[in-house]
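Let me begin by presenting the structure, written as structure tokens, before commenting on it.
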Amino acid sequence: MLIWERPEPAARSSLSPLSRDRIVRAAVGLADDDGLTAVSLRKVAAALDAGPMRLYRYVDTKEELLDLMLDAVYAEIPLPEPGEGDEGDEGDEGDWEASVRTLAHGLRGAALRHEWFADLLGGRPQFGPAALGHLEAVLAALRRAPGIADDDPNALMHALQAVNGYVFGAVRHEIVELRVERESGQTEHQWQAASGPYLRRLIATGRYPALAHLVTRGGDQDPAAMFTAGLDVILTGLAAPSRPTAGGGPRT
């Protein structure tokens, strides 16, 4: 039985009372300070001044603990108001896009507060209530996109993959860069300055014209602006109305 279906054990009189909430909060604190490698049932028990065996009444494995931690962070991400921009509303047709933006930026903010969160994104769907609530909100918004054909679950799945693929990848990239800066003591701009002479010599060979175009004409953007610009590319495609293919089926 998944942990989401198992009831919370009854509280026991103790000098150090436990609950899943306390266990998860302690684990999140350890991960925030020192990453996921700092999280184990034994270390969480020590942080709570409890014996490790007591934690097994609440959590069977470390994997379950990670699931609970992930869901706790998802719970921090604000969801669109119920009914906002639903089909049939007379509101702004762009509400679906605003909802996707809110959810994407909310997830990025959560990852910046809890860097280890980025390490757990992706893979199979999470079944925690907060994670499912976030997924439901993303799907509900994408269903209203002009580029999603009515009643086409494949198109909806492709849109979800495109949005999540971008958001998860961009968030991971930003977190990795933050870690590299801390470990190396060198900011991205300092690294670019140090690598500049070598890169200019490569560009001068003429073998990398597309790279030369990017390097010589592109401008620096802060991470938030970069994240927004990349998301714009995805949403622009989804905003284009779907058209039937030559075979008569929907194309998204």
Could you tell me which numbered condition M157 fails, if it satisfies all but one of (1) within 22 Å of the chain's Cα centre (by Cα); (2) more than 29 Å from L68 (Cα to Cα); (3) surrounded by fewer than 16 Cβ atoms within 10 Å (Cβ to Cβ)?
-> (2)
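Are any residues in the stretch 1-59 among the aliphatic types (A, V, I, L, M), in a helix (DSSP H, G or I) and more than 23 Å from D119 (Cβ to Cβ), and if so, which ones? Don't jump to the end; show me each part of the working.
Here is the first cut: in the stretch 1-59, the ones among the aliphatic types (A, V, I, L, M) are 1-3, 10-11, 15, 18, 23-24, 26-28, 30-31, 36, 38-39, 41, 44-48, 50, 53, 55, 59.
Imposing the further condition that a residue be in a helix (DSSP H, G or I) reduces the set to 3, 23-24, 26-28, 30-31, 36, 38, 41, 44-47, 53, 55.
Residue satisfying the conditions is M53 alone.
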What number of residues in the stretch 161-202 are basic (K, R) and within 27 Å of D232 (Cα to Cα)?
-> 2
Taking interchain pairs and intrachain pairs at least six residues apart, which have beta carbon atoms under 6 angstrom, with the first residue in the stretch 44-61 and touching a residue at least 40 places away in the same chain (Cβ under 8 Å) and the second surrounded by fewer than 20 Cβ atoms within 10 Å (Cβ to Cβ) and not in a loop (DSSP other than H, G, I, E, B)?
-> Y58/R20
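Results for (1) open to solvent by less than 50 Å² (accessible area, probe 1.4 Å); (2) more than 22 Å from V171 (Cα to Cα); (3) under 11 Å from the mean Cα position of the chain (by Cα), shown as yes or no for each residue.
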| residue | (1), (2), (3) |
| --- | --- |
| A104 | yes, no, yes |
| A110 | yes, no, yes |
| D119 | no, no, yes |
| G133 | yes, no, no |
| A145 | yes, yes, no |
| A149 | yes, yes, no |
Scanning the stretch 197-220 for residues that are loosely packed, with under 10 Cβ neighbours inside 10 Å and in a loop (DSSP other than H, G, I, E, B) gives T205, G206, R207, G218, G219, D220
Just one listed residue, out of E177, E188, is surrounded by 13 or more Cβ atoms within 10 Å (Cβ to Cβ) and closer than 19 Å to R108 by Cα, and it is E177
List the pairs whose first member sits in the stretch 152-178 and is among the polar types (S, T, N, Q), whose second member is part of a helix (DSSP H, G or I), and whose Cβ atoms are under 8 Å apart, counting only residues at least 6 apart or on separate chains?
-> N164/V138
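Name the one entry in L65, L70, L55 that is more than 24 Å from the chain's Cα centre (by Cα) and open to solvent by less than 20 Å² (accessible area, probe 1.4 Å). Reasoning before the result, please.
On the way: L65 fails: more than 24 Å from the chain's Cα centre (by Cα); L70 fails: more than 24 Å from the chain's Cα centre (by Cα).
Just one listed residue meets the conditions, L55.
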If A50 passes every condition in (1) under 23 Å from A111 (Cβ atoms); (2) modelled with pLDDT under 95 but one, which one does it miss?
-> (1)
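The values are calculated or read from the model by the stated rules, or taken from the named source; none is laboratory data. Quantities reported herein were computed from a predicted structural model and do not represent experimental measurements. Reconstructed Cβ throughout: ideal geometry from the backbone, glycine too, with neighbour counts over all protein chains shown. Areas reflect the complete protein model, heavy atoms only, side chains present, ligands, DNA and RNA absent. Shrake-Rupley method; radii C 1.70, N 1.55, O 1.52, S 1.80 Å.
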